[in-house]
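**Student:** The following block contains the structure, expressed as C-alpha cells.
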Amino acid sequence: MSDAWLRALVAFPFGLVVGSFMTVVVARVPAGESLVRPRSRCPSCGTPIRNRDNVPLFGWVLLRGRCRACSAPISPVYPIVELTTAAVFAAAFAVADDPWVAVMLAAFLSLMPAITVIDVRHRIVPNRLMYPALVAFPAFVLVAAAAGADVDVVRAAIGFAAFGGGLLLVALVSGGMGMGDVKLAAVEGVVLGALGLRYVAVAAGAADVAVAALAKRAPPTRTPARTGPSRARTIRSSRASSSCWPTAPASSASRRPSRPTTTSTSRPPRSSAASWSRSTGSAVPSAPPAAPSAFRR
Ligand SMILES: [Zn+2]
C-alpha cells in the first residue's frame, strides 16, 4: 500500500469525527446556539441521543435514519455531511505529504460540506465560521512557514487580496452575492495561495464560471441588506427550538416565512438578468425570476 493510501486510511476516521462535529455546526450555528451544550437531542421528542447512537455515520445507519425513542426520521443530510467531510479530510492527507499542508487543507476542506448545507438551507455563510477562519488560516500559514513547511506567506497574502478582493468587487457590483461569500473567498485565497498561486487562479476561474452561470440562470435574490451579520441576527432572533440533531429541514422551513425576499413577488432585482426574463421572447432561455439555482435558492 502506498504512503498516500495509508495516510488517507488513518485520516478517514478522524475525518468522521470532524464531520460529526460539523453536523452540530450545521444544526446550531445558523440558530446561534452553543456548539458544546446541551448534548444532542432528538428534535421531535427531546430524548437525548445516546453515545452509541451518536457514532458518526454508523449511528444513523444502525438506526436506519430514525430516532430510537420516537421513530421520527433523522435527516440523511447529517450522515452525508459526515461522510463527505471524512472523504475530503482523508483526501487532504492523501495528496499532501507535508503534515502542515495536510492539516491546513483538511481543516479548510472540512468546512466546505457544512458551509454548503448552511448556505443552501439558510442562504448565509455564517460569520461565526468565517471570522475565526479569517484569523486561524492566515495565522496557521505564518506558523507553518516559520516551522519550515512548504507554504508561501507572500502568495497567501496575494491570494487573500486577489480572491477576496475580486469577489468583493463582484459583490459590490452585482449585489447578488453576500459578504459571507467574500469572506469565504478570502479564506480560499489564503489557503490556495499558500500552496501556490496557480491554485488561486483555478479557483478564481471556477468561481467566475459559477457566477456567470448563476447570473444567467436566475437574477440575484440576495440583497446586501439580508446577508452576513444582519441575516444571522434575523435567524438568531427568530429561532424557535433548542433542538440540535437532525430535522433542520422542518425547522428551517418554519423559519422561512420570516425571510423577506426569496420570491418573485418581492422587489425587483437590479441586474440585467431580470430585465431579459421580463422581456421574454429573447434568445436567452428564460427561467422564472425566482427559479432556484443549484447553489442559491
Ligand atoms: Zn425522537
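**Student:** Take Pro30 and tell me if it is within 22 Å of Ile118 (Cβ to Cβ), assigned to a loop (DSSP other than H, G, I, E, B) and at pLDDT 90 or above. Don't jump to the end; show me each part of the working.
**Tutor:** Details: within 22 Å of Ile118 (Cβ to Cβ): yes; assigned to a loop (DSSP other than H, G, I, E, B): yes; at pLDDT 90 or above: yes.
Answer is yes for this residue.
**Student:** If you scan region 53-63, which residues turn out to be more than 25 Å from Leu109 (Cβ to Cβ) and more than 13 Å from the ligand (Cβ to nearest atom)? Talk me through it step by step, then tell me what you get.
**Tutor:** The initial filter retains those residues of region 53-63 that are more than 25 Å from Leu109 (Cβ to Cβ), namely 53, 62-63.
Leu62 - this is the single residue of region 53-63 that is more than 25 Å from Leu109 (Cβ to Cβ) and more than 13 Å from the ligand (Cβ to nearest atom).
**Student:** Yes or no: region 3-23 includes at least one residue that is surrounded by 15 or more Cβ atoms within 10 Å (Cβ to Cβ), of a type outside the set (D, E, K, R), outside the structural domain of Ala147 (by TED's automatic domain parsing) and in a loop (DSSP other than H, G, I, E, B).
**Tutor:** No, there is no match, as no residue in region 3-23 is surrounded by 15 or more Cβ atoms within 10 Å (Cβ to Cβ), of a type outside the set (D, E, K, R), outside the structural domain of Ala147 (by TED's automatic domain parsing) and in a loop (DSSP other than H, G, I, E, B).
**Student:** Filter region 69-91 down to the residues that are farther than 17 Å from Ile115 by Cα and more than 16 Å from the ligand (Cβ to nearest atom) and list them by number.
**Tutor:** Correct list: Ala90, Ala91.
**Student:** Sticking with this one: Within 16 Å of the ligand (Cβ to nearest atom) and at pLDDT below 90: which single residue out of Arg66, Arg50 fits that description?
**Tutor:** Working: Arg66 fails: at pLDDT below 90.
Of the residues listed, the single one that is within 16 Å of the ligand (Cβ to nearest atom) and at pLDDT below 90 is Arg50.
**Student:** Output the qualifying pairs, or none if there are none: Cβ atoms under 9 angstrom, residues six or more apart or on different chains, first residue in region 34-56 and more than 20 Å from Leu83 (Cα to Cα) and outside any loop (DSSP other than H, G, I, E, B), second residue within 12 Å of the ligand (Cβ to nearest atom) and among the polar types (S, T, N, Q).
**Tutor:** What qualifies is Arg41/Thr47; Arg41/Ser243; Pro48/Ser40.
**Student:** Output the qualifying pairs, or none if there are none: Cβ atoms under 7 angstrom, residues six or more apart or on different chains, first residue in region 75-100 and closer than 19 Å to Val25 by Cβ, second residue assigned to a loop (DSSP other than H, G, I, E, B) and modelled with pLDDT under 95.
**Tutor:** Between residues of region 75-100 that are closer than 19 Å to Val25 by Cβ and residues that are assigned to a loop (DSSP other than H, G, I, E, B) and modelled with pLDDT under 95, the close pairs are Ser75/Pro246; Ser75/Thr247; Pro76/Gly65; Tyr78/Pro246; Pro79/Leu57; Glu82/Pro56; Glu82/Leu57; Leu83/Leu57.
**Student:** Taking into account only those residues within region 65-107 that are of a type in the set (D, E, K, R) and surrounded by fewer than 19 Cβ atoms within 10 Å (Cβ to Cβ), which is nearest to Leu6 (Cα to Cα)?
**Tutor:** Pass one, region 65-107, residues of a type in the set (D, E, K, R): 66, 68, 82, 97-98.
Applying the additional criterion that residues be surrounded by fewer than 19 Cβ atoms within 10 Å (Cβ to Cβ) yields 66, 68, 97-98.
Values: Arg66: 34, Arg68: 36, Asp97: 11, Asp98: 14 Å.
So the residue we want is Asp97.
**Student:** I need a count of the residues in region 1-47 that are touching a Cys at 6+ places or on another chain (Cβ under 8 Å) and within 16 Å of the ligand (Cβ to nearest atom).
**Tutor:** Looking only at that region, the number is 9.
**Student:** Which pairs turn up if I take residues in region 161-182 that are over 11 Å from Val125 (Cβ atoms) and look for partners that are among the polar types (S, T, N, Q) with beta carbon separation below 9 Å, at least 6 apart in sequence or on another chain?
**Tutor:** Ala171/Thr227; Ser174/Ser271; Gly175/Thr223; Gly175/Ser271; Gly176/Thr221; Gly176/Thr223; Gly176/Ser271
The values are calculated or read from the model by the stated rules, or taken from the named source; none is laboratory data. As the structure is a computational prediction, the values presented were derived from the model and not from experiment. So basically every Cβ, Gly included, is an ideal-geometry build from the backbone, and we count neighbours across all protein chains shown.
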